[in-house]
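Since the structure comes first, as structure tokens, the remarks are kept for the end.
The values are calculated or read from the model by the stated rules, or taken from the named source; none is laboratory data. Computed from a prediction, not measured in an experiment: that's the story for all the values here. With ideal geometry, Cβ positions are generated from the backbone for all residues, glycine too; neighbour counts draw on all protein chains shown. These accessible areas exclude ligands, DNA and RNA; they are computed on the full protein's heavy atoms, side chains included. Shrake-Rupley method; radii C 1.70, N 1.55, O 1.52, S 1.80 Å.
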Amino acid sequence: MPITPTHLPSDNFNEQSQLGRLPNGVYVPMLAFFTSDDEVDIPATQRHTARLLAAGVSGLVVHGSNGEAVHMSRRERKAVIEAVADAVRHESDHAQVPIIAGCCAQSIRETVELCQESKEAGATHALVLPPGYYAGILNKDIIVDFFHSVASQSPIPLLVYNFPGAANGVDLDSDTILRIAAHPRVVGVKLTCGNTGKLARLVVDTPKVRNGKHDFFVAGGSADFVLQGLVVGAHGTISGFANLAPRACVRIGELFEQGKLAEARDLQHEVARGDWLAIRYGFVGVKAAMPYFHGTGELACAEPRLPFKALAQDGDAVKEIQQGMAGVLEIEQRLVAEATA
């Protein structure tokens, strides 16, 4: 079945909004969903978009490491962005929600092309990995030039994606990220490396390379250190676990802002316990937990694209996931009930 857009691309962010700092809060690197005949599942994608928006997240990320972009054609990637943009547009209360698209390639030319296609489909920002394929001969000057060249040519602003596991071991230090951040169209960073010291340095030092402006979004890349990041000044988190427990992740930030640190710590402990299963089993594990958190109607959403296979719902891995996530599931269900009461 062909994939076609149902609406024109979204223009929900103007240039001034794009270049201002992204809103604080939880951003969700969305899962990718496929039908039984291995096509992109647009209804499931839009249903999940609406679910996350209702939970109070600040932004959506498509084609991150949880989003199986490497398993999709460029046509399919564009269709997913269009589907998310459509869903955001139809949620009038969320018309200004950022849509950040993973635009990761090894050359400047192809990365810019992905940014252009993402903009056409409705994305407001691009999330870009360093080009790590030739890591053995890659130096910091090449990396900085890569990001600056892409930022100058891209129609949408960039966030740096520091995830060594997805970039052939390339781990950007804070000095290199600061050099990249000097470009006005590089507006943020996702630190999946988990280094909160690096995060703290970037929070305090990015204004020095941006003419005194506090317009650079610094986020951790995992739900197991949301609170730790906030304590040292992070503006939010971009966390795959929020596909499952978005309200719990949002609540950590709310408790921190209210000065309820003991409650925030208790919730962070439970989220970290659940997130560890998501980290261990990766996007396949997160998908396996979808029907556990969001109902048996989402069982089809547990299917990854080949060569990966779904975890057996009656298998030991899913049982471990359910046991390890039971505490945060109870909290998430309580927060849903409170919101709908």
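Could you list, in sequence order, all residues of region 268-307 that are part of a helix (DSSP H, G or I) and within 16 Å of S65 (Cβ to Cβ)?
Start the filter on region 268-307 by keeping residues that are part of a helix (DSSP H, G or I), which leaves 268-294, 296-302.
If the condition is that a residue be part of a helix (DSSP H, G or I) and within 16 Å of S65 (Cβ to Cβ), then D275, A278, I279, R280, Y281, G282, F283, V284, G285, V286, K287 are the ones that fit.
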Exercise. For region 83-196, list the helices (runs of 4 or more DSSP H) that sit wholly inside it and hold at least 1 residues that are among the small types (G, A, S) and over 19 Å from A219 (Cα atoms); which are they?
Worked result: 108-121, 140-153
Exercise. Within region 227-236, is there a residue that is part of a loop (DSSP other than H, G, I, E, B) and within 18 Å of the chain's Cα centre (by Cα)?
Worked result: yes
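Out of P130, P184, which single residue is within 25 Å of G236 (Cα to Cα), open to solvent by 10 Å² or more (accessible area, probe 1.4 Å) and either at pLDDT 95 or above or touching a Pro at 6+ places or on another chain (Cβ under 8 Å) (or both)? So that I can check it myself, show each step before the final result.
Numbers: P130 fails: open to solvent by 10 Å² or more (accessible area, probe 1.4 Å).
Result of the check over P130, P184: P184.
Restricting attention to region 18-57, which residues are touching a Phe, Trp or Tyr at 6+ places or on another chain (Cβ under 6 Å), under 30 Å from D215 (Cβ atoms) and open to solvent by less than 30 Å² (accessible area, probe 1.4 Å)?
Of the residues in region 18-57, the ones touching a Phe, Trp or Tyr at 6+ places or on another chain (Cβ under 6 Å) are 21-22, 41, 44-45.
Next, only the ones that are under 30 Å from D215 (Cβ atoms) stay: 21-22.
Hit for region 18-57 is L22, nothing else.
For E76, indicate whether it is over 23 Å from N162 (Cβ atoms), buried (at least 20 other Cβ atoms within 10 Å of the Cβ) and either of a type in the set (D, E) or at pLDDT below 95 (or both).
Values: over 23 Å from N162 (Cβ atoms): yes; buried (at least 20 other Cβ atoms within 10 Å of the Cβ): no; either of a type in the set (D, E) or at pLDDT below 95 (or both): yes.
It is false that E76 is over 23 Å from N162 (Cβ atoms), buried (at least 20 other Cβ atoms within 10 Å of the Cβ) and either of a type in the set (D, E) or at pLDDT below 95 (or both).
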For this session: Give the number of residues within region 206-220 that are open to solvent by 40 Å² or more (accessible area, probe 1.4 Å) and more than 19 Å from S58 (Cα to Cα).
Result: 5
Problem set entry | Qualifying residue in region 244-254 (condition: in a helix (DSSP H, G or I), without any contact (Cβ under 8 Å) to a residue 60 or more places away in the chain and open to solvent by 50 Å² or more (accessible area, probe 1.4 Å)) | yes
Exercise. Which residues, counting only those in region 197-223, are over 23 Å from G282 (Cβ atoms), in contact (Cβ under 8 Å) with a residue 12 or more places away in the chain and either part of a loop (DSSP other than H, G, I, E, B) or touching a Gly at 6+ places or on another chain (Cβ under 8 Å) (or both)?
Worked result: A200, V203, V204, R210, H214, D215, F216, F217, V218
Exercise. Failed condition for K319, given (1) in contact (Cβ under 8 Å) with a residue 24 or more places away in the chain; (2) more than 23 Å from the chain's Cα centre (by Cα); (3) farther than 16 Å from A248 by Cα; (4) assigned to a helix (DSSP H, G or I), with all others met?
Worked result: (1)
Exercise. When you go through F308, F283, F293 one by one, which is the residue that is open to solvent by 60 Å² or more (accessible area, probe 1.4 Å), under 25 Å from D41 (Cα atoms) and of a type in the set (A, V, I, L, M, F, W, C)?
Worked result: F308
